[in-house]
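Colleague: One structure is given below, represented as structure tokens, and several questions about it will come after.
The values are calculated or read from the model by the stated rules, or taken from the named source; none is laboratory data. Here the structure is a predicted model, which means the values were calculated and not measured. All Cβ positions, even for glycine, are placed from backbone atoms using ideal geometry, and neighbour counts span all protein chains on display.
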């Protein structure tokens, strides 16, 4: 049976600082929003607050770009120090053109600029910093899931999302760069359809669809709502992270 | 301000047959579900019911594969008649390997097998048919939007979604292959962020995020819920379709 799906923003989530305990902030915010977590609930967190809590800032003044970064910065018209960080965070540069460097991040995501973001970072023009992606977003999601599941005695899941560009299509969409407690792919290959024939291939990236749905609520330009509670979604509990979403290199036809 | 986002499946939507008036079916189903449409509401329809209402079935027995289709069918281990239809529906084959042909559809979407689907089609094994994408899904969406907006006197939007694969990531997600009444991209470039600095680039594919969110509710393996009412989403009214989601060929680095 299908049921209503609700996406509930946590209002007035505080600005996150390095060293903050995100699980505590989440518990306090849920309480302030008069929300508890129930079996089947899922929290989607914006990548930025996870990175901030983990102190993933890097002061550009402390970055010494190497020759590869300097050449690529020139070709793409970017800050060589930022390019140096992009290269350090990545396994491989897939494509580049002025303004954009598409890489495979160390964690396997294909991402513009390795997800390094200058927006929503406190402005210190004389000493700018950038914010890297979380060190291991599946592990971060799992730690939060354990803490919240214990606090509420509920079977829940956690997704960390980020806005990512796509091949062939304009605009970013929310995607899951970390998850815990759920199967990120819903494998519906072979489920009988309405007429009893087997579906040929229907493996659905449920975690990415949830990440995209939450992104609608989070908005983009302010950070007022970096946490969304999703209630009424169908997902399969599992002790796994988000890696299954990453296409195996040898099956990837678009590199 | 952020508000709760609700996705409400229309329960017991009837099976759609060629020639059915979808606007009438939608009005009846909304009534049966005791739902009206209000300003800001948005309906997401699964591509299949639009295609079916438009009679986009093709009997494979009537398809004569040409030499290109026969060669590509051999290379990809597919039915040559289906490959012939894929080629007819497409502008260009981007990639292929056994089981998969990635094309640019006539309407500009990059899509596996040109979106031609054998699942959820009445089983007539002796005389199988396939279902093509709607002829012009933006136009189909606009016709439905006009009818529904008039019936309820409300400013609404309509999206037609389909499950599509992505480069680099496993699993399909719902994407907008047609839309009406809304800006498919929310252009947030230059909106001030919390710290007053301009965002560098944040153009969000809102229509795709809505399509993905609705896909969660639709499920995949049955066709029990091909229509989802989205309430509480932020979208910008506009007299435009979904074409802005398609990346201009000269900016596309992944072909």
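Colleague: Hey, can you tell me all the residues within segment A:150-165 that are free of Cβ contacts under 8 Å to residues at least 60 places away in the same chain and part of a helix (DSSP H, G or I)?
Modeller: The one that is free of Cβ contacts under 8 Å to residues at least 60 places away in the same chain and part of a helix (DSSP H, G or I): A:150.
Colleague: Can you tell me which residues in segment A:76-93 are crowded, with 19+ Cβ neighbours inside 10 Å and within 11 Å of residue A:112 (Cα to Cα)?
Modeller: Residues satisfying the conditions are A:86, A:90.
Colleague: Moving on. Among the residues of segment A:29-74 satisfying the criterion of being without any contact (Cβ under 8 Å) to a residue 40 or more places away in the chain and assigned to a loop (DSSP other than H, G, I, E, B), which is surrounded by the fewest Cβ atoms within 10 Å (Cβ to Cβ)?
Modeller: Ranking the candidates gives A:34 first.
Colleague: Go through segment B:133-142 and report how many residues are surrounded by 15 or more Cβ atoms within 10 Å (Cβ to Cβ) and either modelled with pLDDT under 95 or assigned to a helix (DSSP H, G or I) (or both).
Modeller: 5
Colleague: Further question on the same structure: Scan (1) within 14 Å of chain B (Cβ to nearest Cβ); (2) in contact with a helix residue (DSSP H, G or I) (Cβ under 8 Å, 6 or more places away or on another chain); (3) over 19 Å from residue A:177 (Cα atoms) for the single condition residue A:35 breaks and write down its number.
Modeller: (2)
One line per residue, one yes/no per condition, for (1) over 22 Å from residue A:174 (Cα atoms); (2) in the same structural domain as residue B:27 (by TED's automatic domain parsing); (3) modelled with pLDDT under 95:
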{"position": "B:154", "(1), (2), (3)": "yes, yes, no"}
{"position": "B:176", "(1), (2), (3)": "no, yes, no"}
{"position": "B:184", "(1), (2), (3)": "no, yes, no"}
{"position": "B:187", "(1), (2), (3)": "no, yes, yes"}
{"position": "B:192", "(1), (2), (3)": "no, yes, yes"}
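Colleague: Something else now. Tell me whether segment B:116-126 contains one or more residues that are touching a residue at least 60 places away in the same chain (Cβ under 8 Å) and touching a helix residue (DSSP H, G or I) at 6+ places or on another chain (Cβ under 8 Å).
Modeller: Taking every residue of segment B:116-126 in turn, at least one turns out to be touching a residue at least 60 places away in the same chain (Cβ under 8 Å) and touching a helix residue (DSSP H, G or I) at 6+ places or on another chain (Cβ under 8 Å).
Colleague: Of all residues being in a loop (DSSP other than H, G, I, E, B) and surrounded by 14 or more Cβ atoms within 10 Å (Cβ to Cβ) in segment A:16-28, which is modelled with the highest pLDDT? Just the residue, please.
Modeller: A:20
Colleague: Do we have any residue at all in segment A:85-100 that's over 23 Å from residue A:134 (Cβ atoms), in contact with a helix residue (DSSP H, G or I) (Cβ under 6 Å, 6 or more places away or on another chain) and free of Cβ contacts under 8 Å to residues at least 12 places away in the same chain?
Modeller: No, every residue in segment A:85-100 fails to be over 23 Å from residue A:134 (Cβ atoms), in contact with a helix residue (DSSP H, G or I) (Cβ under 6 Å, 6 or more places away or on another chain) and free of Cβ contacts under 8 Å to residues at least 12 places away in the same chain.
Colleague: I've got another one for you. Could you grab me the full set of residues in segment B:224-255 that are touching a residue at least 24 places away in the same chain (Cβ under 8 Å), within 30 Å of residue A:95 (Cβ to Cβ), within 18 Å of the chain's Cα centre (by Cα) and part of a loop (DSSP other than H, G, I, E, B)?
Modeller: B:240, B:241, B:242
Colleague: Taking the condition of being more than 7 Å from chain A (Cβ to nearest Cβ) and either out of contact with any strand residue (DSSP E or B) (no Cβ under 9 Å at 6 or more places or on another chain) or at pLDDT below 95 (or both), how many residues in segment B:198-225 meet it?
Modeller: 3
Colleague: Which condition breaks for residue A:12 when tested against (1) surrounded by 17 or more Cβ atoms within 10 Å (Cβ to Cβ); (2) under 21 Å from the mean Cα position of the chain (by Cα); (3) under 22 Å from residue B:4 (Cβ atoms); (4) modelled with pLDDT under 95?
Modeller: (1)
Colleague: How many of the residues making up segment B:143-168 are at the interface with chain A (Cβ under 9 Å from one of its Cβ atoms) and crowded, with 22+ Cβ neighbours inside 10 Å?
Modeller: Count: 3.
Colleague: Could you please give the count of residues in segment A:17-32 that are within 14 Å of chain B (Cβ to nearest Cβ) and closer than 19 Å to residue A:214 by Cα?
Modeller: 1
Colleague: Further question: Got at least one residue in segment B:117-128 being over 20 Å from residue A:215 (Cβ atoms) and at pLDDT 95 or above?
Modeller: No, segment B:117-128 contains no residue that is over 20 Å from residue A:215 (Cβ atoms) and at pLDDT 95 or above.
Colleague: Going through B:62, B:92, B:54 one at a time, which residue ends up being away from chain A (no Cβ under 14 Å) and over 18 Å from residue B:160 (Cβ atoms)?
Modeller: After ruling out the rest, the residue left standing is B:62.
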